[in-house]
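S.K.: Below is one structure. I have some questions about it.
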Amino acid sequence: MPVAGGERFPNRRKPPMTALAALIRRDIRIALRVGGGALIGVLFFLTVVVLMPFAVGPDLALLSRLGPAILWLGALLASLLTLDRLFMADHEDGSLDLITMSRTPLELACAAKALAHWLAAGLPLIVATPVLGLLLNLDMVATAAVALTLLAGTPALTFTGMIGAALAVTLHRGGLLMAVLVLPLSIPVLIFGVAASQAVIVGPMTFGAPFSILCALSLVSLVIGPFAAAASLRHGLD
Amino acid sequence: MSGPNKGEMRLSGQGLRCVRGGREVFAGLDFAAGSGETVAVVGRNGSGKTSLLRLIAGLLVPAGGTIALEGGDAELTLPEQCHYLGHRDALKPALSVAENLTFWADFLGGERFDAAESLAKVGLDHAIHLPAGFLSAGQRRRLSLARLLTVRRPVWLLDEPTNALDVAGQDMFGGLMREHLAAGGMIVAATHAPLGIESRELRIGGVV
Amino acid sequence: MTLIDLANPTRFLALTARVLPWLAAATIILLTIGLYQSASAPDDYQQGATVKIMFIHVPNAWLSMFVWGVMSIASLGTLVWRHPLADVAAKAAAPIGAAFTFLALLTGSLWGRPMWGTYWEWDARLTSVLILFLMYLGLMALWRAVDDPSRAARAAAVLTLVGAINLPIIKFSVDWWNTLHQPASVMRMGGSALDKSFLIPLLVMAVAFTLLFVTLHLAAMRNEILRRRVRSLQMTQASQKAA
């Protein structure tokens, strides 16, 4: 088998990490540059949390009891609603075609995109949590517990939400349909995230058990999410 | 079947059948291009020119037939040795011209390169640090062409490549294609307008 | 000097270049005086030294609303009079207004800590300011979301004016919601008139902060004009053919 022809078009054997790092860098750069895309998520989070007391009343004791649930719901909505453009923009400008054709496995490229999204949009939510904890009268320990559970749980939200984002490309439809598809998938994360935070505040459960399950959910979604998203994207190409 | 000469490559498709949305677009299509050759795919709108390119690029799965590249890099699949220049330019308006090009060079695994040099070849060296969003349609197309020059791949799949390019741009592009062919590359181009280089015509979907 | 004279960005730049140093100097002098007076004001018999937060808090709270007023007038300028600098003024004011509002919230919550025992109480006033803060942030997000400034200007102007109409309604609703849940607020300035020893430093600080805003606003407007010039130069450069 002659390979001389290939030699004239040398393909430097770059490790896939270079390509993935480039993809992550690009996505974060865009998220920070375009219309504060990442920060709008934080603003949304803030707004949702501020709305809650108007519905349940300004009773601080009640708010501090509901605090973890409110923060988790806010973070859940904020991280899922910013996801629906994850693949859509790349699909619309043709980048997704080139990513699919490239040597980098599509699964890894999907994971890289989700990681970039989590870094640009998920991490700021966790940074904002202490401020919102203040508004909801959570004490230091409770706020730290919620922030820790969000740190462990939001990757699961991003990586399962990614499946919905991929379906949105396949189905040429984003927005609410995606939310309806993905929100039920995030119920386990919500259950254990809030349970672990509540365990710190009121007990009687230990923090460890629900928190371990939360971490496990994140790890599982780290594996399943990219494969499901890549399968969906491949199938939806046309 | 005689294999290609040493150092020669040959891209060929046999008995290709393409079905999209339950409708047969074309069937029994054969084509071939060796090193330094160009196939100009012509046909009326909807005859499947873009579909053929996307089949070769691996972006569509053929309903029948095979596509093969002989003499290429044995470790790479066909799509990994192709450049696909579609209707859309795969550019991010928020990133600068250089950032756009560098990203694709890094992602597609190109050689170490000088962004200024590649951009000079396509006449964009005056805009290196400007956001790609400021470019006109023709300039965006030139920037996509710079991607083809930066990452060397033997097969170029071009979909209406001269769209949006002015006369000077078409001349420049003709020169780039000739260089690519002289280096032993192959081009499959779907086009309505003449490409400005010697090419073999592949007519699909009957008479224009 | 009329608004027409200011309509030309070049003249605006020249004029503000001359005015700004004086404005900055006046701001610094007045702030120094105000801070000195605030520091030497007597402690409150109930609140002790914490009352001094008021001298920072009240001017910030005043400006948080004043800036929205400025933006509303500028928005009218964009929509009705089509004044060329109106949207520059509106855009430049938003982050400054947000900063003042944030400081009002921050000082309010620091003040509330010894009074209420928590940093945050869903007190009607603080809550209204918080909503105002969110609206500032939303407006800034809108400005950033749209690339073309002239297109963003109209959307932002409409939003600003709607906000201006809505603010009293929001304030009223929040008051109503608040009294529904808790009959008496812990902290009231009380019906009694403020003592002179408080009032004068407070007024000086209010004027100083207003001057601070004007200085920052003019400087921000200059930046915005220059930024737009850079942008249009870049666009011209992009459209030039390479040699």
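S.K.: Go over the candidates B:E75, B:E24 one by one and state the one that is more than 14 Å from chain A (Cβ to nearest Cβ), surrounded by fewer than 20 Cβ atoms within 10 Å (Cβ to Cβ) and free of Cβ contacts under 8 Å to residues at least 40 places away in the same chain.
M.R.: Values: B:E75 fails: more than 14 Å from chain A (Cβ to nearest Cβ).
Just a single option satisfies the conditions, and that option is B:E24.
S.K.: For segment B:154-161, does any single residue satisfy the condition of being crowded, with 19+ Cβ neighbours inside 10 Å, modelled with pLDDT of 85 or more, of a type in the set (A, V, I, L, M) and assigned to a helix (DSSP H, G or I)?
M.R.: No: zero hits.
S.K.: Taking the residues in segment A:113-136 that are in contact with a Phe, Trp or Tyr (Cβ under 7 Å, 6 or more places away or on another chain) and over 27 Å from A:P226 (Cα atoms) as candidates, determine which candidate is surrounded by the fewest Cβ atoms within 10 Å (Cβ to Cβ).
M.R.: A:L134
S.K.: Would you confirm, using the coordinates I've provided, whether B:S96 is of a type in the set (S, T, Y) and more than 21 Å from B:M186 (Cβ to Cβ)?
M.R.: Numbers: of a type in the set (S, T, Y): yes; more than 21 Å from B:M186 (Cβ to Cβ): yes.
When the stated conditions are applied, B:S96 passes them.
S.K.: Considering segment B:113-153 alone, what residues qualify as being more than 16 Å from the chain's Cα centre (by Cα) and assigned to a loop (DSSP other than H, G, I, E, B)?
M.R.: B:F113, B:D114, B:G123, B:L124, B:I128, B:H129, B:L130, B:L135, B:S136
S.K.: Another question, then. Cβ-Cβ under 8 Å, sequence separation 6+ or interchain: first residue in segment B:123-134 and more than 7 Å from chain C (Cβ to nearest Cβ), partner in a loop (DSSP other than H, G, I, E, B) and among the charged types (D, E, K, R). Which pairs?
M.R.: Once the first residue is more than 7 Å from chain C (Cβ to nearest Cβ) and sits in segment B:123-134, its partners that are in a loop (DSSP other than H, G, I, E, B) and among the charged types (D, E, K, R) give B:A132/B:K92.
S.K.: Answer with yes or no whether B:G36 is surrounded by 19 or more Cβ atoms within 10 Å (Cβ to Cβ), within 13 Å of chain A (Cβ to nearest Cβ), under 19 Å from the mean Cα position of the chain (by Cα) and not in a strand (DSSP E or B).
M.R.: no
S.K.: Within segment A:90-116, restricting attention to residues that are among the hydroxyl-bearing types (S, T, Y) and assigned to a loop (DSSP other than H, G, I, E, B), which residue is nearest to the chain's Cα centre (by Cα)?
M.R.: Restricting to residues being among the hydroxyl-bearing types (S, T, Y) and assigned to a loop (DSSP other than H, G, I, E, B), the top hit is A:T104.
S.K.: Same structure again: Looking only at segment C:152-176, count every residue that is surrounded by fewer than 17 Cβ atoms within 10 Å (Cβ to Cβ) and within 13 Å of another protein chain (Cβ to nearest Cβ) and tell me the total.
M.R.: The qualifying residues number 5.
S.K.: Please find, among B:S47, B:S51, the residue that is surrounded by 19 or more Cβ atoms within 10 Å (Cβ to Cβ), among the polar types (S, T, N, Q) and either more than 14 Å from chain A (Cβ to nearest Cβ) or on the phi > 0 side of the Ramachandran plot (or both).
M.R.: B:S47
S.K.: So if I check each of A:V42, A:V34, A:V49, which one is within 10 Å of chain C (Cβ to nearest Cβ) and either within 17 Å of A:L125 (Cβ to Cβ) or modelled with pLDDT of 85 or more (or both)?
M.R.: A:V42 is the lone residue from the list that is within 10 Å of chain C (Cβ to nearest Cβ) and either within 17 Å of A:L125 (Cβ to Cβ) or modelled with pLDDT of 85 or more (or both).
S.K.: Further, regarding this structure: State whether one or more residues within segment C:113-135 are closer than 30 Å to C:R229 by Cβ and touching a residue at least 12 places away in the same chain (Cβ under 8 Å).
M.R.: Within segment C:113-135 (the criterion being closer than 30 Å to C:R229 by Cβ and touching a residue at least 12 places away in the same chain (Cβ under 8 Å)), the answer is yes, since at least one residue qualifies.
S.K.: Right, next: For the structure I just gave you, tell me whether A:V146 is farther than 19 Å from A:A168 by Cα, of a type in the set (A, V, I, L, M, F, W, C) and in contact with a Leu (Cβ under 6 Å, 6 or more places away or on another chain).
M.R.: For A:V146, the condition - farther than 19 Å from A:A168 by Cα, of a type in the set (A, V, I, L, M, F, W, C) and in contact with a Leu (Cβ under 6 Å, 6 or more places away or on another chain) - is met.
S.K.: With respect to the numbered conditions (1) in a helix (DSSP H, G or I); (2) at pLDDT 70 or above, which one is the sole condition not fulfilled by A:P58?
M.R.: Failing condition for A:P58: (1).
S.K.: Mind checking which residues of segment C:113-143 are within 11 Å of chain A (Cβ to nearest Cβ), part of a helix (DSSP H, G or I) and within 25 Å of C:K52 (Cβ to Cβ)?
M.R.: Scanning segment C:113-143 gives C:R113, C:W116, C:A124, C:L126, C:T127, C:L130, C:F133.
S.K.: Would you call A:T100 among the β-branched types (V, I, T) and surrounded by 22 or more Cβ atoms within 10 Å (Cβ to Cβ)?
M.R.: So A:T100 does not fit the description; no.
S.K.: Okay, moving on. Examine segment B:115-122 for a residue that is in contact (Cβ under 8 Å) with a residue 40 or more places away in the chain and within 7 Å of another protein chain (Cβ to nearest Cβ), and state whether such a residue exists.
M.R.: no
S.K.: Among the residues of segment B:179-208, which ones are part of a helix (DSSP H, G or I), surrounded by fewer than 16 Cβ atoms within 10 Å (Cβ to Cβ) and free of Cβ contacts under 8 Å to residues at least 60 places away in the same chain?
M.R.: Selection gives B:E179 alone.
S.K.: Do we find that B:V61 is out of contact with any Ser or Thr (no Cβ under 8 Å at 6 or more places or on another chain), under 26 Å from B:T191 (Cα atoms), without any contact (Cβ under 8 Å) to a residue 24 or more places away in the chain and more than 7 Å from chain A (Cβ to nearest Cβ) in this structure?
M.R.: Working: out of contact with any Ser or Thr (no Cβ under 8 Å at 6 or more places or on another chain): yes; under 26 Å from B:T191 (Cα atoms): yes; without any contact (Cβ under 8 Å) to a residue 24 or more places away in the chain: yes; more than 7 Å from chain A (Cβ to nearest Cβ): yes.
When the stated conditions are applied, B:V61 passes them.
S.K.: Here is a further query. Could you check, for segment B:14-22, whether at least one of its residues is under 25 Å from A:D93 (Cα atoms) and of a type in the set (D, E, K, R)?
M.R.: Scanning segment B:14-22 turns up at least one residue that is under 25 Å from A:D93 (Cα atoms) and of a type in the set (D, E, K, R).
S.K.: Sticking with this structure for a sec: Run down A:S95, A:S79 and say which single residue is crowded, with 17+ Cβ neighbours inside 10 Å, among the hydroxyl-bearing types (S, T, Y) and over 30 Å from B:T50 (Cβ atoms). Break it down into steps so the answer makes sense when it comes.
M.R.: Numbers: A:S95 fails: over 30 Å from B:T50 (Cβ atoms).
Testing whether each residue is crowded, with 17+ Cβ neighbours inside 10 Å, among the hydroxyl-bearing types (S, T, Y) and over 30 Å from B:T50 (Cβ atoms) leaves just A:S79.
S.K.: Further question on the same structure: Report yes if C:A94 is small (G, A, S), over 14 Å from A:L135 (Cα atoms) and surrounded by 23 or more Cβ atoms within 10 Å (Cβ to Cβ), otherwise no.
M.R.: yes
S.K.: Looking only at segment A:188-204, count every residue that is free of Cβ contacts under 8 Å to residues at least 60 places away in the same chain, surrounded by 14 or more Cβ atoms within 10 Å (Cβ to Cβ) and not β-branched (V, I, T) and tell me the total.
M.R.: 5
S.K.: To continue, here is another question. Taking the stated definitions as given, is B:G86 at the interface with chain A (Cβ under 10 Å from one of its Cβ atoms), within 30 Å of B:C18 (Cβ to Cβ), within 16 Å of the chain's Cα centre (by Cα) and not aromatic (F, W, Y)? Give the derivation first.
M.R.: On the way: at the interface with chain A (Cβ under 10 Å from one of its Cβ atoms): yes; within 30 Å of B:C18 (Cβ to Cβ): yes; within 16 Å of the chain's Cα centre (by Cα): yes; not aromatic (F, W, Y): yes.
Yes; evaluated as a whole, the condition is true for this residue.
S.K.: Which ones in segment B:85-106 are assigned to a loop (DSSP other than H, G, I, E, B) and not hydrophobic (A, V, I, L, M, F, W, C)?
M.R.: Residues satisfying the conditions are B:G86, B:H87, B:R88, B:D89, B:K92, B:P93.
The values are calculated or read from the model by the stated rules, or taken from the named source; none is laboratory data. Just so it is clear, the model here is predicted, and its values are computed rather than measured. With ideal geometry, Cβ positions are generated from the backbone for all residues, glycine too; neighbour counts draw on all protein chains shown.
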